[in-house]
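Only one structure is covered here, and it is reproduced in the block below.
Nothing in this text is a laboratory measurement; each read-out follows from the coordinates by a stated rule. Given the structure is predicted, the values throughout are model-derived calculations rather than measurements. Virtual Cβ from ideal backbone geometry, glycine too; neighbours counted across all protein chains shown.
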Amino acid sequence: MSADGVVLGMAGFLKGLLAEGKASVTAEAAPVMDAPARALLVQAEASARLELTGEAPEFQLAVGDWAALILYSACRFVVCRDEAPAEIVRVLKTPCPQARSPEVEWSADILLRHLPEVYRQARHLSPGDPLLLELASLGAAWPLSSVGIPGIRGFDSAPLMEHPVLGRLYLDRILRCSDLSRLNDSATREAARAALGAHPELAPEVARHLADSAPQTSVSTG
């Protein structure tokens with residue numbers, strides 16, 4: 001992640017992020033979503049869709065635009081540390097333009113799935129830093145995208161687990177990251193138990209946690 005003063009535009013930001021995993025930003029506010037940027041976003045969604053088992057919800061471009069603004073701003077705040085706390089809060093709390101639905105969850109995730117890496121880049125800041133607090137708040141609001149961010153609380157994963165495709169994607173990320181904090185609700189815990197089945201070696205840390213948290217039964221011989 002870098003801020004080199006070069007005017008990249010949103011297309012430049014997305015191209016570097018999606019092709020190389022490198023987010024280049026400037027000290028200026030997030031640029032507008034123009035046609036080249038939207039073309040990259042649509043291409044990214046199509047590629048992500050191909051990796052799923054099952055049919056993804058319909059992509060909502062307006063939500064993708066919003067997620068691009070949020071992610072660009074989060075990256076900018078990581079490297080540009082002179083921004084006022086009130087501005088960080090104002091920008092990162094920009095509301096999503098559509099009400100929550102599977103389509104919105106999926107559309108936002110195309111870019112917000114990079115939030116855990118942004119958080120990792122930012123965590124050298126003090127625990128009470130406004131940026132860390134807002135990134136954690138974003139993570140709680142978008143649990144599908146924030147698997148792997150430590151200490152996320154207050155999220156509701158039930159709508160994800162009720163959707164066959166998003167629930168599978170959410171669970172796959174939990175197993176891959178061994179994010180044990182996501183196993184606190186019974187639906188996710190039982191889905192993880194069923195997914196591992198007789199193959200705990202696929203996610204040994206998760207398997208140990210599930211074994212330790214399994215209800216104990218006793219047999220009376222009296």
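With respect to the chain, whose longest principal axis is taken over its alpha-carbon atoms, helix 186-196 is tilted by about 80°. Among (1) 43, 39, 33; (2) 78, 40, 31; (3) 56, 38, 25, find the value of Cα extents along the principal axes in Å that was calculated from the structure presented, and write down its label. Structure-derived value, by its label: (2). Grab the other residues whose beta carbon is less than 15 angstrom from that of Leu175, score K and R as +1, D and E as -1, and report the net. Within the 15 Å Cβ shell, the charges total +2. Simple spin-label estimate for Leu50 and Arg81 gives 4.1 nm between the two label positions (7 Å along the Cα-to-Cβ direction from each Cα). The residue among Ala68, Gly139, Ser126 whose Cα reaches farthest toward the positive pole of the charge dipole of the chain, with charges on the beta-carbon of Lys, Arg, Asp and Glu, is Ser126.
For the chain, the Cβ-based charge dipole about the Cα centre amounts to some 300 debye (Lys, Arg positive; Asp, Glu negative; other atoms uncharged).
If you take every residue apart from Leu210 with its C-beta less than 11 Å away from the C-beta of Leu210, what net charge results, scoring Lys and Arg +1 and Asp and Glu -1?
0
Return one number: the angle in degrees, 0 to 90 and rounded to the nearest 10, between the long axis of the Cα atoms of helix 9-20 and the longest principal axis of the Cα atoms of the chain. Around 40 degrees separate the two axes. Against the main long axis of the alpha-carbon atoms of the chain, helix 130-141 sits at an angle near 50°. Net charge dipole, segment 152-212: roughly 80 debye, given to the nearest 20, about the Cα centre with Cβ charges of +1 for Lys and Arg and -1 for Asp and Glu. Shown here for segment 98-195: GluC sites (Glu not before Pro) in loop regions (DSSP other than H, G, I, E, B) with at most 12 other Cβ atoms within 10 Å, namely Glu162.
Computed from the C-beta positions of Val89 and Glu117 and an R0 of 22 Å, the FRET efficiency is 0.55 to the nearest 0.05. Extension gain for Asp34-His199 works out to 54.7 nm (0.36 nm per residue, less the C-alpha to C-alpha distance).
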